[in-house]
Amino acid sequence: MTIFFINNDGGGFANRIDIPDGMTVATLFADKMPNRNAGDFLIRVNRQPAVADQILNPEDRVSITPTKIEGA
Amino acid sequence: MLSARLKLRLAGHLQRSWPRKLPPDPDSRDWWQLERLVEKLHSSRRRWKLAQDRRLSLTLPTLYQEIISTLDDLDRSFNRIRVPLDEATDEFNPSPGDYSLHHWLAELHQLEEEFDDLRVNWKAKTISVTTDPITLQEIHLGRFSIVFGWNRVGTLSGSRCFDLIALDPNPAQNKDRVTHPHVQEEELCAGEASHPLENAINEGRLADAFLMIRSVLMTYNAGSPYVPLEEWESRSCGECGDSIDLDESRSCETCLGELCTNCAGSCCQCSDTRCPNCLSSCETCQESCCPGCLETIQRKALCSSCIGRCAECHSRFPKEDLSADSLCPDCLESQESNDDSDPLESDISADSSLETLPVDVTFC
């Protein structure tokens with residue numbers, strides 16, 4: 001299935017991506033943000049706070065935004 | 001909370017403010033950056049080969065790191081070029097200017113949920129939210145209003161569409177316009193957030209942009225602040241520019257300038273603190289004095305320690321001009337000329353007590 005994935009870490013891109021059916025928020029995070037701590041990010045599914053074991057649905061909008069970003 | 005009617009009106013303004021989809025630009029800065037990164041990668045590879053040939057094993061780990069970092073940058077650079085090309089070929093992925101009112105209403109709704117106090121200023125064409133009080137390394141910086149000007153979209157870069165206004169300002173001691181280590185004159189130096197912020201604005205992800213700005217405000221990057229937090233509450237010396245801790249700060253009592261302990265001078269007479277510009281030197285002893293403690297005697301600026309009185313005429317003179325008997329030059333000259341004339345007259349004039357003798361006293 002396809003979801004709309006927004007990664008505001010690093011370059012900050014929004015893309016449609018294919019994920020396996022039944023994928024949870026935690027699995028998606030681990031896949032897209034390896035070795036990162038989920039507590040350091042605001043994770044929203046369809047603009048709402050999400051829980052780790054929330055199962056994603058087709059066309060969901062998932063955004064990941066760091067809570068700490070270094071200015072210059 | 002904005003009413004549904006106001007939100008709808010605001011969504012309409014946002015929809016009209018975002019530019020329509022632009023074709024990819026072959027002259028964009030992204031291409032230039034990509035070419036630079038490729039050159040950098042070539043250079044790193046040459047040095048790697050050289051280091052390997054010469055068996056400079058100690059330099060290899062640094063080179064590996066450099067190459068990995070360049071490859072990461074290249075990855076991002078490729079994406080920045082790739083995404084607009086993908087979008088240009090994807091007719092189902094509209095530009096924000098083509099987004100429906102529903103999209104903008106959803107953005108506004110999310111903003112309200114994330115920040116509680118979404119406000120709009122129709123005249124200034126701005127949307128603003130307020131952060132919680134921000135404290136970095138025990139320095140209280142207060143709340144910030146994140147103000148987004150929708151009329152700046154398409155003309156200014158992502159972070160410059162925003163103003164950051166300190167609501168409880170605690171600016172750096174020496175720079176009133178620096179209200180946060182990464183905010184100067186209400187403008188955020190977004191650092192690592194620059195690209196994602198730019199992308200969020202370009203893609204009409206307004207709530208994401210506000211969230212990223214809040215994340216920057218809540219983070220301290222000791223590597224490149226406008227003013228380091230360590231110096232936030234210190235002052236700088238008006239003379240040498242070095243920072244001064246509050247308890248070591250001195251103030252010139254004439255011009256009120258801040259001074260460090262090294263640059264603070266004091267008057268040798270009244271001991272008041274003065275900066276070098278507000279101190280003069282006694283022309284005799286060369287000690288530092290404030291102008292109030294110097295007196296001009298015989299055209300010389302002197303401290304009170306260097307001023308004496310003539311024992312004869314009692315006029316004030318520079319001590320260095322008085323004789324060993326504390327006589328001024330005139331009195332000394334007069335005395336010497338009297339010594340050379342009638343010794344009796346001289347005795348009379350010298351002995352002032354004779355002036356009080358009865359008039360009938362005669363001298364032989």
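Using just its DSSP H runs of length 4 or more, each adding -39500 (n - 2.57), chain B gives a mean residue ellipticity at 222 nm of -11500 deg cm²/dmol after division by all residues. Considered as an equivalent ellipsoid built on the Cα gyration tensor, the protein assembly as shown has semi-axes of 81, 28, 18 Å, the largest given first. Each label was represented as a point 7 Å from its Cα along the Cα-to-Cβ direction; for residue B:5 and residue A:37 these points are 4.9 nm apart. Taking B:170, B:338, B:151 in turn, the Gaussian network model of chain B (Cα-Cα springs below 10 Å) assigns the largest fluctuation to B:338. Rounded to the nearest 0.05, what FRET efficiency is calculated for residue B:68 and residue B:132 with R0 set to 45 Å and r the Cβ-Cβ distance? Calculated transfer efficiency: 0.75.
A simple charge model with +1 on the Cβ of Lys and Arg, -1 on the Cβ of Asp and Glu and nothing else charged puts the dipole of the protein assembly as shown at about 4160 debye relative to its Cα centre. Distance from the C-alpha centroid of segment B:224-262 to that of segment A:30-46: 43 Å, rounded to the whole angstrom.
Between 0 and 90 degrees, the angle of helix B:60-89 with respect to the longest Cα principal axis of chain B falls at about 60 degrees.
Using R0 = 25 Å, the C-beta based FRET efficiency linking residue B:32 and residue B:224 works out to 0.60. For the pair residue B:60 and residue A:26, label points projected 7 Å from Cα toward Cβ lie 4.1 nm apart.
Rounded to the nearest 0.05, the FRET efficiency derived from the C-beta distance between residue B:167 and residue B:100 at R0 = 35 Å is 0.55. Once the Cα atoms of helix B:4-17 and of chain B are each reduced to a long axis, what angle between those two axes, in degrees from 0 to 90 to the nearest 10, is obtained? Helix B:4-17 sits roughly 90 degrees off the main axis of chain B.
Taking every C-alpha pair closer than 8 Å and separated by at least 6 residues, the mean separation divided by the residue count of chain A gives a relative contact order of 42 percent. Looking at the protein assembly as shown alone, DSSP beta bridges between its own residues are antiparallel in about 90 percent of cases. Among B:146, A:43, B:165, sorting on how many other beta-carbon atoms sit within 10 Å of each Cβ, with the fewest leading, yields B:165, A:43, B:146.
The angle separating the long axis of helix B:329-340 from the principal Cα axis of greatest extent in chain B is about 20 degrees. Post the alpha-carbon centroid distance, segment B:128-150 to segment B:1-63, in whole angstrom. So the separation of the two Cα centres works out to 28 Å.
Computed from the coordinates by the stated procedures, all read-outs in this text should not be read as laboratory data. Note that this is a predicted model, so its numbers are computed, not measured. Virtual Cβ from ideal backbone geometry, glycine too; neighbours counted across all protein chains shown.
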